[in-house]
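Engineer: Handing you this structure, nothing more for now.
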Amino acid sequence: MKQSPHQSIDQNKAVVQPLLLPEFATSGIRADILRLDLIHPVISGNKWFKLKYHLKSALDEGYKGLLTFGGAWSNHLVATAGAAAAASLTAVGIVRGEIPAVLSPALQDARDSGMQLVFVSRNEYADETTLHRSMQERFPGHYLVPQGGHSEAGVRGASEILSLVPELPSYTHIACAAGTGTMMAGLVVASNPQQQVLGISSLKLANTAHNSLETMLQTWAPHSGYRLFYQFHFGGYARKTAVLTDFMNRVWKQTGIPTDIVYTGKLLYGISSLATESFFPSQSRLLLIHSGGLQGNRSLPPGTLLY
C-alpha cells in the first residue's frame with residue numbers, strides 16, 4: 001500500500017532563532033529566522049509545504065506517479081523525487097534544456113531517488129500549456145505538479161508554514177525569497193492584516209509591474225499586504241558574485257546559519273541592505289523564512305563557502 005512520506009517530515013525541527021547580524025541591531029530592529037531547512041535532508045525547506053497537497057491528491061486519486069518540471073539545479077525536482085520515492089510512487093522530471101555531458105548534483109540526486117529525467121529544449125519548455133498537455137499524454141497515470149508547486153494546492157500548503165511560528169502576531173514584517181511566488185502567496189494568505197510580507201526576487205525580471213510573481217500574488221493572494229524587491233538578484237536566477245558569497249560567509253561566521261546562493265543568501269542580503277537603508281521603522285520585528293535549498297551551493301568551486 002502506498003504511504004505518504006508525512007511521517008518522515010519533522011516539522012518540530014523548524015525552529016525560530018534570532019538572526020544576530022549587526023545591521024539589525026544598529027537599525028534598532030529585531031530579526032528572527034524560521035529554519036525550514038532543518039525539517040528533512042531531502043524534502044527540505046518550503047518544498048514539503050508546496051508539495052504536500054499535490055502528493056495527497058495523487059495518493060487519494062490512485063495515480064501511479066508524479067510528473068513535474070524544473071531546471072538543472074532545481075530543488076523542486078530533488079524534493080519531488082524524494083517525496084515520490086517515500087510514497088512508493090514513480091516520478092518523472094521534465095528538465096529545461098539539453099541533456100548535459102555530466103548531470104548537475106541536483107539532477108543526479110533526483111535520478112538516484114528514482115526519477116526519470118526527460119530533457120526538452122528551452123523553447124519547448126517555455127510553452128507551458130502545450131508542454132503540460134504533451135507530457136501528460138506521454139506519461140499517463142501521472143499526477144501533474146507544476147514547477148515549484150505553482151498552484152492553489154501549493155499556496156494552500158505554503159500558508160501552513162506560519163503555523164510553526166509561536167509568536168507570529170508579534171512580527172511586523174515577514175520576509176522570504178521569491179522564485180515562482182508560491183510560498184510568498186501562502187505567507188500573504190496566512191499573515192495578519194497589520195503585517196507586511198516582503199519578497200526578495202531571486203529572478204532578474206525586466207518588468208517589475210507585470211510579471212510572473214505579481215500575477216501569482218494577484219491571483220492567489222489578492223490584497224495589498226506585500227511588497228516585492230527586484231534589486232537583489234545578483235545577475236539572475238542562481239547567479240552570484242563575490243559580494244554575495246562573502247556576505248554568506250559573514251552570516252555563517254556571525255550566526256552559524258548556512259544559506260544558499262539561489263534563495264536564502266539573497267534574502268538575507270536584501271533584508272540586511274534594507275535595514276541599513278532605514279527601510280524598517282525602529283522597533284520593527286522581522287521574521288525571515290529559511291526555505292532550504294542548500295544543495296544549490298554544490299555548483300560553487302570548493303572553498304568558496306566556509307561551510
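Engineer: Would you confirm whether or not region 267-284 contains a residue that is in contact with a Lys or Arg (Cβ under 8 Å, 6 or more places away or on another chain), closer than 21 Å to His40 by Cβ and not in a loop (DSSP other than H, G, I, E, B)?
Structural biologist: Looking through region 267-284, none of the residues is in contact with a Lys or Arg (Cβ under 8 Å, 6 or more places away or on another chain), closer than 21 Å to His40 by Cβ and not in a loop (DSSP other than H, G, I, E, B).
Engineer: Out of Val92, Val155, which single residue is modelled with pLDDT of 95 or more, within 26 Å of Gln218 (Cβ to Cβ), outside the structural domain of Pro18 (by TED's automatic domain parsing) and touching a helix residue (DSSP H, G or I) at 6+ places or on another chain (Cβ under 9 Å)?
Structural biologist: The match here is Val155.
Engineer: Looking at region 196-212 only, could you name the residues that are in contact with a strand residue (DSSP E or B) (Cβ under 6 Å, 6 or more places away or on another chain) and either surrounded by fewer than 21 Cβ atoms within 10 Å (Cβ to Cβ) or not hydrophobic (A, V, I, L, M, F, W, C) (or both)?
Structural biologist: Within region 196-212, Gln196, Gly199, Ser201, Ser202 qualify.
Engineer: More than 18 Å from the chain's Cα centre (by Cα) and either in contact (Cβ under 8 Å) with a residue 40 or more places away in the chain or closer than 23 Å to Thr180 by Cα (or both), is that true of Leu103?
Structural biologist: Taking the combined requirement at face value, the residue does not satisfy it.
Engineer: Ok, one more. Out of the residues in region 154-210 that are assigned to a helix (DSSP H, G or I) and among the polar types (S, T, N, Q), which is farthest from Val16 (Cα to Cα)?
Structural biologist: Among those that are assigned to a helix (DSSP H, G or I) and among the polar types (S, T, N, Q), it is Thr182.
Engineer: Which residue pairs have Cβ atoms under 7 Å apart, sit 6 or more places apart or on different chains, and have a first residue in region 22-43 that is within 9 Å of Gly292 (Cβ to Cβ) and a second that is aromatic (Phe, Trp, Tyr) and surrounded by 20 or more Cβ atoms within 10 Å (Cβ to Cβ)?
Structural biologist: Ile39/Trp48; His40/Trp48
Engineer: Another one. Name the residues in region 122-142 that are buried (at least 16 other Cβ atoms within 10 Å of the Cβ) and either among the hydroxyl-bearing types (Ser, Thr, Tyr) or out of contact with any strand residue (DSSP E or B) (no Cβ under 9 Å at 6 or more places or on another chain) (or both), would you?
Structural biologist: Within region 122-142, just Tyr125 meets the criteria.
Engineer: Let me ask another. For Leu217, only one of the following conditions fails: (1) closer than 25 Å to Val145 by Cα; (2) crowded, with 20+ Cβ neighbours inside 10 Å; (3) of a type outside the set (Val, Ile, Thr); (4) modelled with pLDDT of 95 or more. What is its number?
Structural biologist: (4)
The values are calculated or read from the model by the stated rules, or taken from the named source; none is laboratory data. Keep in mind the model is a prediction, meaning the values are calculated, not measured. Heads up, the Cβs are rebuilt from the backbone with ideal geometry, glycines too, and the neighbour counts pull from every protein chain shown.
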